[in-house]
Amino acid sequence: MSKVLIIGAGGVGNVVTRKCASVPEVFSDIMLASRTVEKCKKIAAGIGGDKIKTAKVDADNVDELVSLIEAFKPELVINVALPYQDLTIMEACLKTRTHYLDTANYEPKDEAKFEYKWQWAFHDRFKEAGITAVLGCGFDPGVTGVFTAYAAKHYFDEIHYLDIVDCNAGDHGKYFATNFNPEINIREITQNGKYWEDGKWIETRPLGIQKPIEYPGIGKKESYLLYHEELESLVKHFPTLKRARFWMTFGERYITALNVLQEVGMTSIKPVKFKGIDIVPLEFLKAVLPDPSSLGQGYKGQTSIGCQIRGVKDGKQRTYYVWNNCDHEKAFRDANAQAVSYTTGVPAMIGAMMMLTGKWQGAGVFNVEQFDPDPFMEKLPEYGLPWHEEVDKPLPVEKRQ
Ligand code: NDP
């Protein structure tokens, strides 16, 4: 029986709140706080009853956060605001000795970095305070790290090659929209690509490497090599990896629109003067694009995200593929959300459950792959994310096209 404070009332915040509310035996008292309290109230009203308390908080302000935490006294803060708020929320957790969990690594506002170093630097202070921070507990990062840990634990003596494959074969009927916060999404895609090979990072042009990959239940989809933050923690925690890559699918129309927006400067994060005021083009673009949490209604099709791994077991080569497919319409029926918010919010709730029930313990700052994957894998299907596996079959990412 625990109190939990959820910060951020966007697409993901909606799913985490609903999912926590569905497990009152673990999350007995829930507060949802965000910058715009009306959004919290709308989510709370959708859940019904007086189950969810709401509050307004500016998560960029440590003192405001500390006051809220001291008033509500949660055991755990689930941060599903934006990556810009990670450090202030961690600071407030330290000051109040409260456990912490998030789904995306800290980002400085003025530079797209996707690095863990700022949050890993909190390790000793969290350890001294005797509290736990779990970083990156959505789907990717999140479940992809748990999948990798599960593969390493049960199927391999050493893992050598890891390909994370992320396909969204859904159709929301809009000309151009991003499935999670547009600012973060576009920053991620327009940066250089990067992958790990033979002990070093290889950089590529943005979306410079592509190939069709077959996705279970979906078929072949053009997939692009991207840098994704979990690669940094996975190569650190699985040093036997010779290569680690991340692939994501994009439709032709999405790429064309993105190229145009980029060419005309609309994806830039450098402020420009407009009628005497500084505006950041990407922030303005976010304001005119559809809100990701509004895409759920009528969204059709599936996502498929998984890990394809090659390594050795008992001296023999082995392959392993583990994945989840999530249907947008099912996600909408279950949590009033599209599948991208759903596949992020469900693992965040399960990670919180692991912490509050003592399955994942430790003082310090951790990535999900450092914990026992088994109890988490067991809960995924129970809360809406069934997974499947194939052993010693040809890996789709390695097939010649
Ligand atoms: P949204 O933009 O829909 O929601 C973000 C929420 O955070 C909004 O309610 C926003 O408030 C609130 N917020 C922003 N700034 C502040 C602040 N200073 N103080 C308080 N609240 C604030 O984003 P999503 O729900 O799509 O994404 C949430 C997080 O999940 C992001 O960090 C994203 O990167 C991560 N994510 C992780 C994935 C994974 O698999 N690991 C996949 C998808 C997303 P307001 O309503 O006022 O704007």
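Based on this model, can you work out whether VAL80 counts as closer than 22 Å to MET355 by Cα, within 13 Å of the ligand (Cβ to nearest atom) and out of contact with any His (no Cβ under 9 Å at 6 or more places or on another chain)?
Yes.
For segment 316-353, enumerate the residues that are away from the ligand (no atom under 16 Å from the Cβ) and over 22 Å from CYS167 (Cα atoms).
LYS316, GLN317, ARG318, MET353
Any idea which of THR96, THR132 is away from the ligand (no atom under 16 Å from the Cβ) and surrounded by fewer than 21 Cβ atoms within 10 Å (Cβ to Cβ)?
Answer to the check: THR96.
Counting only residues that are assigned to a strand (DSSP E or B) and out of contact with any strand residue (DSSP E or B) (no Cβ under 8 Å at 6 or more places or on another chain), which one in segment 301-326 is surrounded by the fewest Cβ atoms within 10 Å (Cβ to Cβ)?
Per the criteria, the residue is LYS316.
Name the single residue that is nearest to the ligand (Cβ to nearest atom) among those in segment 168-213 being farther than 24 Å from SER293 by Cβ and charged (D, E, K, R). Spell out the reasoning first.
Let us first name the residues in segment 168-213 that are farther than 24 Å from SER293 by Cβ, namely 191-213.
Filter once more, keeping what is charged (D, E, K, R): 194, 197-198, 200, 203, 205, 211.
Working: LYS194: 18, GLU197: 24, ASP198: 27, LYS200: 25, GLU203: 22, ARG205: 23, LYS211: 23 Å.
That would be LYS194.
Run down VAL346, VAL365 and say which single residue is of a type in the set (A, V, I, L, M), outside the structural domain of TYR150 (by TED's automatic domain parsing), in a helix (DSSP H, G or I) and closer than 24 Å to VAL4 by Cα.
From the options VAL346, VAL365, the qualifying one is VAL346.
Okay, residues lined up against (1) exposed (fewer than 15 other Cβ atoms within 10 Å of the Cβ); (2) away from the ligand (no atom under 15 Å from the Cβ); (3) assigned by TED's automatic domain parsing to the domain that holds SER293; (4) in a loop (DSSP other than H, G, I, E, B):
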residue	(1), (2), (3), (4)
LEU32	no, no, no, no
GLU38	yes, no, no, no
THR54	no, no, no, no
ASP60	no, no, no, yes
ASP63	yes, no, no, no
GLU70	yes, yes, no, no
PRO74	no, yes, no, yes
GLN85	no, no, no, no
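Kindly establish whether PHE246 is within 15 Å of the ligand (Cβ to nearest atom), under 28 Å from VAL15 (Cα atoms), aromatic (Phe, Trp, Tyr) and without any contact (Cβ under 8 Å) to a residue 40 or more places away in the chain. Outline the logic, then answer.
On the way: within 15 Å of the ligand (Cβ to nearest atom): yes; under 28 Å from VAL15 (Cα atoms): yes; aromatic (Phe, Trp, Tyr): yes; without any contact (Cβ under 8 Å) to a residue 40 or more places away in the chain: no.
Here the answer is no, as PHE246 does not meet what is asked.
Take segment 105-129 and flag every residue that is in contact with a strand residue (DSSP E or B) (Cβ under 7 Å, 6 or more places away or on another chain) and surrounded by 21 or more Cβ atoms within 10 Å (Cβ to Cβ).
Answer for segment 105-129, where residues must be in contact with a strand residue (DSSP E or B) (Cβ under 7 Å, 6 or more places away or on another chain) and surrounded by 21 or more Cβ atoms within 10 Å (Cβ to Cβ): ASN105, GLN119, PHE122, PHE126.
Starting from residues that are part of a helix (DSSP H, G or I) and touching an Asp or Glu at 6+ places or on another chain (Cβ under 9 Å), keep the ones in segment 256-287 and report whichever is modelled with the highest pLDDT.
Per the criteria, the residue is LEU285.
The values are calculated or read from the model by the stated rules, or taken from the named source; none is laboratory data. In this text, all values refer to a predicted model and were calculated from it rather than measured experimentally. No Cβ is skipped: glycine too gets one built from the backbone with ideal geometry, and neighbour counts run over all protein chains shown.
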